[in-house]
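One structure is given here, and the rest of the page talks about it.
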Amino acid sequence: QFFEYYFDRMVYPQAKPNAAHYALAELEAQGKLSAVVTQNIDGLHQQAGSKRVYELHGSVLRNHCIRCGASYSLEQMLEYKGKGVPRCSCGGIIKPDVVLYEESLDQDVLARAVHYIRQADLMIIGGTSLVVYPAAGLVQYFRGRHLVVVNKGQTGSGVGADLTIDGPIGEIFAQL
């Protein structure tokens, strides 16, 4: 049942980066962006060209056997779509590298994300309502000068943003 849900609702191999993904990659290439911290599991930041990406919730692009540790690509996983539980040649279950409900975030990824948030002079929070924890709580580590929030609709209260832009992040960044 999980893998049916996973392939239908969490894996979108046809998805492509939008203007925001490309803008962030360009800012990084120019030396103006230190890191991207994301809750997304789709790998679109890397596809757009970002190099330093901290995926708090993992990625559908990485998969591994829980018994022997063998690695599997998304393409290999898609061969199992509609065929039940993906299994390794050793017989173990192949698990996507995504954080599921009640699983802990990768502590190394979290520590590196917090490091970059603490070092930032300007932090842009985009495409999130800031209500899903623990990621929404990372804003507490920001010590910089300017905080910008770009999101379609309301965001969590009490963030203290210097600038809030209400709109789809891809459309907003396309205008920059």
Can you give me the long-range amide H partners of G58? Hydrogens built in the peptide plane at 1.01 Å from N, cutoff under 5 Å, separation of 5 or more residues or another chain.
V99
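In whole angstrom, how long is each semi-axis of the equivalent ellipsoid of region 1-93, when you take the square root of 5 times every eigenvalue of its Cα gyration tensor and sort them from largest down?
After scaling each eigenvalue by five and taking roots: 30, 14, 10 Å.
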Based on alpha-carbon centroids, what's the gap between region 37-100 and region 117-176 in Å, whole number please?
27 Å
Using a 1.4 Å probe, how large is the accessible area of D166, given in Å² and rounded to the nearest 10?
110 Å²
Leaving out same-chain residues fewer than 8 places away, which aspartates and glutamates sit with a Cα under 13 Å from that of K51?
E26, E28
How many percent of the accessible area of region 1-118 is carbon or sulfur, using a 1.4 Å probe?
49 percent
Would you mind getting the accessible area per residue of region 105-153, heavy atoms of the protein chains only, 1.4 Å probe, in Å²?
57 Å²
Principal axes first, then extents: for the Cα atoms of the chain, list largest minus smallest coordinate on each axis, whole Å, largest first.
53, 31, 30
Charge dipole (debye, nearest 20) of region 72-176; +1 at Cβ of Lys and Arg, -1 at Cβ of Asp and Glu
80 debye
Starting from the Cα of K16, draw a straight line to each of the aspartates and glutamates and keep only those under 15 Å, dropping any in the same chain fewer than 8 residues away.
D42, E171
Residue by residue through region 39-50, the couplings from Karplus 6.51 cos²θ - 1.76 cosθ + 1.60 with θ = phi - 60°, in Hz, x for Gly and Pro, are 8, 5, 10, 9, x, 5, 4, 5, 4, 7, x, 5
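The values are calculated or read from the model by the stated rules, or taken from the named source; none is laboratory data. The structure displayed is predicted, hence computed values, not measured ones. No Cβ is skipped: glycine too gets one built from the backbone with ideal geometry, and neighbour counts run over all protein chains shown. When the accessible area is computed, the model is the full protein with side chains, heavy atoms only, and any ligands, DNA or RNA have been set aside. Shrake-Rupley method; radii C 1.70, N 1.55, O 1.52, S 1.80 Å.
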